[in-house]
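One structure below.
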Amino acid sequence: MNRLADGQLEHAVLAAPNVGEAYRQQEIWDLKTRLAYDVAARIRQRYETEIAPAYAREHGAAPTSRHVIGELMAEDPATQMWSALRRSGQEQMWALVADSTARQLSRLTGVAGSLLGSTGSLTLDASVQVPAYLQTVDIHCMPTGYYRETGPDDLTAGALYDRGVYIYAAGQLGAANDDKGRSVIEHYLDVHHPGLAPAAILDMGCSVGHSTLPYAERYPEAEVHAIDVAAPMLRYAHARAASFGLPVHFAQRDAEATGYAAGSFDLVVSHILLHETSTKAVQNILTESFRLLKPGGLMIHAEYPPFTTMDPFAQFLVEWDTTNNNEPFWSTVRTLDLEAMAARAGFEPGQVSRELIPTGRRLVTGQSSAGRIGLIVARR
């Protein structure tokens, strides 16, 4: 398959920009990258050389809490400008991708319709309720959120997400935005379970299937299922998978209570789903994972590393998304004792572990866990 000028892998339903749109999207890419790394590094330097020493002179020690650091940095003009530009850049990014998507929506919808029944399957259920934690805010400031529909057979949210995430991550999630799934397979499953041959796999909270498709490629004999509560994401996900020729069964179901029979799967996974939910939902998802696994089956939920893997200032930088990028659970999930929660879900404590594996995504300049992603792993 071909790639866009910025490296994203093309497929049948990608909202590829025209020349003018690509130019403006690249400008936002460059702005967001500069803010995330160069400017963030300068802000850290200012904190370490001026703000923290001033605080230490008054209080006897430098701050050890991200909350205290946040209060201090909120008064810093450079940090205020950095924050305002990050938020503005995020909003501009979505607006540009939305314009490009709207221009092509009729064609994309037609292509998606033509791919129905070609491979895999798509099952939608209008009775599935979108959880309150997704309805409260437009996650990542994405105008449609994950779930809103603009009309029949709509896939706008999926198209926005696929293109927007590539720009947001500056291509670091790979040409197909599939770094998380590939990282779990290549740096955990292939290393620790090289002989794994699952007959049935479930990807929870799959959105557009970025991380789902690597499993269909790596385990071609497996029946791969992927679920989400958002119909427009799933319509797009099915069309995208079909355009790659990969058979995945997409279904509109809630990861907290999927409706599948107990013991249906050998491998249950998710990729950065947990931070989009709530503490109660995380517990329910872990409990449902336990119920769905066959004896000896494996659960892997990939999530961004906990705060314990980074210094307080990096924690402050990470927490920006909680308060400024419509990610209300972004920080909380990094504080959860997922091992204890997995044990409460029914897994034997000795069969549960937390892991850090390499990933292609840089997170925050100076962060000790940059280039890694966390896993909660448990065997049934």
At 1.4 Å probe size, with no ligands or nucleic acids counted, give the accessible surface of C206 in Å², nearest ten.
10
Under 5 Å between amide hydrogens, which residues at least 5 positions from I272 or on another chain qualify, with H placed 1.01 Å from N in the peptide plane?
A302, E303
Residues of type aspartates and glutamates that K280 reaches as a straight line, Cα spacing below 19 Å, ignoring anything fewer than 8 places off in the same chain
D228, D254, E256, E288, E303, E327, D337, E339
If you look at just the Cα atoms of the range 139-190, how large are its Rg and its Dmax in Å?
13.7, 42
Any number yet on Rg/Rh for the range 1-88, C-alpha, Kirkwood?
1.22
So what J values fall out for the range 341-358 if you push phi through Karplus, 6.51 cos²θ - 1.76 cosθ + 1.60 with θ = phi - 60°, rounded to Hz, Gly and Pro as x?
5, 5, 5, 5, 6, x, 6, 5, x, x, 9, 10, 8, 10, 10, 10, 10, x
Length gained if K280 through T332 is fully extended, taking 0.36 nm per residue and subtracting the Cα-Cα distance, is 17.5 nm
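How big is the Kirkwood radius of the range 276-342, worked out from every pair of different alpha carbons and given in Å to one decimal? Don't skip to the answer; put the middle values down first.
Numbers: mean 1/r = 0.0750 Å⁻¹.
The answer is 13.3 Å.
Give me Rg/Rg_expected for the range 188-331, where Rg uses Cα atoms only and Rg_expected = 2.2 N^0.38 Å with N residues. Don't skip to the answer; put the middle values down first.
Values: Rg = 16.0 Å, N = 144, 2.2 N^0.38 = 14.5 Å.
Its radius of gyration relative to the 2.2 N^0.38 Å reference: 1.10.
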With a 10 Å cut-off between alpha carbons and a GNM built on the chain, which of T335, T144, T277 moves the most?
T335
Just the accessible area for V165, please: 1.4 Å probe, Å², rounded to the nearest 10?
20
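Quick check on the chain: helices-only [θ] at 222 nm, where DSSP H runs of length 4 and up contribute -39,500 (n - 2.57) each and the sum goes over total residues. Nearest 500, please. Present the calculation step by step, with values, prior to reporting the outcome.
Details: 13 runs with 154 residues, N = 380.
That calculation yields -12500 deg cm²/dmol at 222 nm.
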For q values of 0.09, 0.16, 0.17, 0.22 Å⁻¹, compute log₁₀ I(q)/I(0) with the Debye formula on a Cα-only model of the range 59-191, without solvent.
-0.44, -1.09, -1.16, -1.35
Could you sort the peptides 291-297, 123-129, 256-262 by per-residue average Cβ neighbour count (10 Å cutoff), highest mean leading?
291-297, 256-262, 123-129
Where the Cα pairs of the range 25-137 fall when distances are cut into 5 Å bins, in %
2, 9, 12, 12, 11, 12, 10, 9, 7, 6, 5, 3, 2, 0
Return the single residue from Y219, Y161, Y23 with maximal mean-square fluctuation; model: Gaussian network over the chain, springs between Cα atoms under 10 Å.
Y23
Inter-site label distance for A126 and D153 at 7 Å from Cα along Cβ, in nm
1.6
Of all the accessible heavy-atom surface of the chain, with the other protein chains kept in place and a 1.4 Å probe, what percent is carbon and sulfur?
52
Once amide H atoms are built 1.01 Å from N in the peptide plane, which residues 5 or more positions from T119, or in another chain, come under 5 Å H to H?
none
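Suppose all protein chains stay in the model; what accessible area per residue would a 1.4 Å probe give for the chain, in Å²?
Values: 15300 Å² over 380 residues.
Each residue of the chain exposes 40 Å² on average to a 1.4 Å probe.
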Suppose each label sits 7 Å from its Cα in the direction of the beta carbon; what would the E348-L116 distance come out to in nanometres?
4.7
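Rg over Rh of the range 216-272, using C-alpha atoms and the Kirkwood radius, what does it come to? Could the numbers behind the result be given before it?
On the way: Rg = 11.8 Å, Rh = 12.4 Å.
The Rg/Rh ratio comes out at 0.95.
The values are calculated or read from the model by the stated rules, or taken from the named source; none is laboratory data. The shown structure was predicted, so the numbers you read here are calculated from the model rather than taken from an experiment. Ideal geometry is used to build each Cβ from the backbone, glycine not excepted, and the neighbour counts take in all protein chains shown. To get the accessible areas, we keep the full protein, side chains included, count just its heavy atoms, and leave off ligands, DNA and RNA. Shrake-Rupley method; radii C 1.70, N 1.55, O 1.52, S 1.80 Å.
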